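J.: One structure, pasted below without further comment.
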Amino acid sequence: MTRLLLSFLFVALAASPIFASEFAFRDGTSEEDDAVALSQDIADDALVGECCLECCCPSWTANLGYVFLWRDAGGNAPVLTDTVGSSPNFTTGPIVFSESDFNFDGSSGIDASLVRDDGCGSGLEIRYLWIDAASDQSILFTPGVLPATNPLLGGGGFGGFGGFTWDIEYDSAIHSVEVLRQQCCGSWNVSYGFRYANLDEFLYMSPDDPSFVFRNWTENNLYGLQLGADGVLWDNCCGTRIVGFGKAGLYYNDADVQAEYQNFTAFFRGNASDDDLAFLGELGVTAEHQLSCRLSVRAGYQLLFLDGVALASGQIADTGNLQGPVADRITRVDSSSLLYHGLHVGVEYRR
């Protein structure tokens with residue numbers, strides 16, 4: 001009998017915490033409060049598990065942006081020269097118009113990219129960039145002004161009385177495609193991969209006398225490897241942050257040049273090509289504001305610099321008398337530098 005009572009007492013003491021938990025909260029609150037707290041703990045655990053699962057799964061990020069950039073006019077290569085009193089074999093007259101005199105309006109373009117993050121600290125980015133610039137000018141010059149070729153077109157000056165209004169049109173377009181591998185390094189991403197860039201330019205010059213037209217084309221095809229980095233510069237932890245990026249690479253440039261001279265009686269053309277080493281670099285800073293967990297708006301400033309490329313305005317001094325022997329029409333391909341800088345805006349979608 002004593003053993004039976006002791007056994008019953010032992011079982012009751014062992015079960016008392018279970019029964020107590022059924023009727024009273026551990027800190028003395030009600031059963032209802034205990035249930036709410038327990039439900040919240042379960043929900044928090046589920047949320048943490050979901051976040052961890054999301055970070056370990058592949059994701060996609062799409063960016064669509066509009067760029068508005070200004071093209072630097074270039075160097076000081078001669079474009080038009082005063083041929084009055086000049087030797088027919090070379091330009092000794094004063095330069096009346098050079099590369100630095102071109103006035104380029106703001107250039108519109110598209111900057112779009114798609115990034116796949118594999119969730120393990122690395123990803124793949126595909127980016128397309130297009131920029132289109134143009135300059136359209138009409139300038140009054142005295143008689144005897146000609147493109148600054150060497151030797152002069154036609155072997156001498158351009159006759160006539162009174163002033164001549166020269167129509168000068170200059171178009172410049174860039175197309176670029178990048179395929180990059182990204183690797184996470186803390187709050188920054190390091191990228192490396194292949195980039196192709198194409199720079200096409202067209203220069204048209206003609207006085208108000210329709211018997212004279214001069215055209216010049218250049219095409220640059222750049223192939224190379226690129227290194228870059230992007231990351232957070234500032235974050236207010238409330239959906240707004242500032243990010244920066246930089247990219248640079250060395251490229252093989254396959255450059256082609258073509259010049260044409262046309263008058264009432266004849267049409268002449270010269271061609272040249274060259275292989276050279278070029279450089280392309282980009283810098284930018286962007287402010288981002290998160291509208292939702294997936295959608296953000298972006299705005300910022302960026303630079304695009306090219307060196308070792310053939311510009312249409314820089315080839316005139318290396319173009320000879322197009323009416324002469326073919327071998328003397330374009331003596332060489334001249335390399336120069338080009339800078340674009342301006343604003344960009346866009347949207348980013350993450351999935």
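J.: Counting only protein chains, not ligands or nucleic acids, how are Ser292, Ser187, Ser211 ordered by accessible area (probe 1.4 Å), most first? All intermediate terms of the calculation are to be shown ahead of the outcome.
T.: Details: Ser292 55, Ser187 80, Ser211 20 Å².
Descending accessible area places them as Ser187, Ser292, Ser211.
J.: So how exposed is Arg294, as accessible area in Å² (1.4 Å probe, rounded to 10)?
T.: 100 Å²
J.: Hey, any idea what % of segment 225-351's accessible area is carbon plus sulfur with a 1.4 Å probe?
T.: Roughly 61 percent of what the probe reaches on segment 225-351 is carbon or sulfur.
J.: Here's a follow-up. For the residue pair Ser337 and Val285, what label-to-label distance in nm results when each label sits 7 Å from Cα along the Cα-to-beta-carbon direction?
T.: Modelled inter-label distance: 2.1 nm.
J.: Also: Sort Tyr223, Tyr261 from largest to smallest accessible area, using a 1.4 Å probe on the heavy atoms of the protein chains.
T.: Working: Tyr223 100, Tyr261 20 Å².
Ranking Tyr223, Tyr261 by accessible area, largest first, yields Tyr223, Tyr261.
J.: Something else now. Using a cut-off of 12 Å between beta-carbons, work out the net charge of the residues near Asp235 (Lys and Arg +1, Asp and Glu -1, Asp235 not included).
T.: Details: positive: Arg241; negative: Glu288.
Taking every Cβ under 12 Å from that of Asp235, the sum is 0.
J.: Also: Give me the one-decimal nm value for the distance between modelled label points at Val232 and Tyr192, 7 Å along each residue's Cα-to-Cβ direction.
T.: Result: 2.6 nm between the two label points.
J.: Can you sort Arg195, Arg350 by 1.4 Å-probe accessible area, starting with the largest? Present the calculation step by step, with values, prior to reporting the outcome.
T.: Working: Arg195 0, Arg350 60 Å².
Sorted by accessible area, descending: Arg350, Arg195.
J.: Strictly greater than 16 Å: what percent of every Cα pair in segment 191-295 meets that?
T.: Values: 3937 of 5460 pairs.
When every Cα pair of segment 191-295 is considered, 72 percent fall beyond 16 Å.
J.: Which ³J(HN,Hα) values, rounded to whole Hz and listed in residue order, are derived for segment 221-231 from phi using the Karplus coefficients 6.51, -1.76 and 1.60 in 6.51 cos²θ - 1.76 cosθ + 1.60 with θ = phi - 60°, glycine and proline given as x?
T.: Per-residue couplings from phi come out as 10, 9, 10, x, 9, 10, 10, x, 8, 8, x Hz.
The values are calculated or read from the model by the stated rules, or taken from the named source; none is laboratory data. The structure presented is a predicted model; accordingly, all values stated were derived computationally and were not measured. All Cβ positions, even for glycine, are placed from backbone atoms using ideal geometry, and neighbour counts span all protein chains on display. With ligands, DNA and RNA removed, areas are computed over all heavy atoms of the protein, side chains included. Shrake-Rupley method; radii C 1.70, N 1.55, O 1.52, S 1.80 Å.
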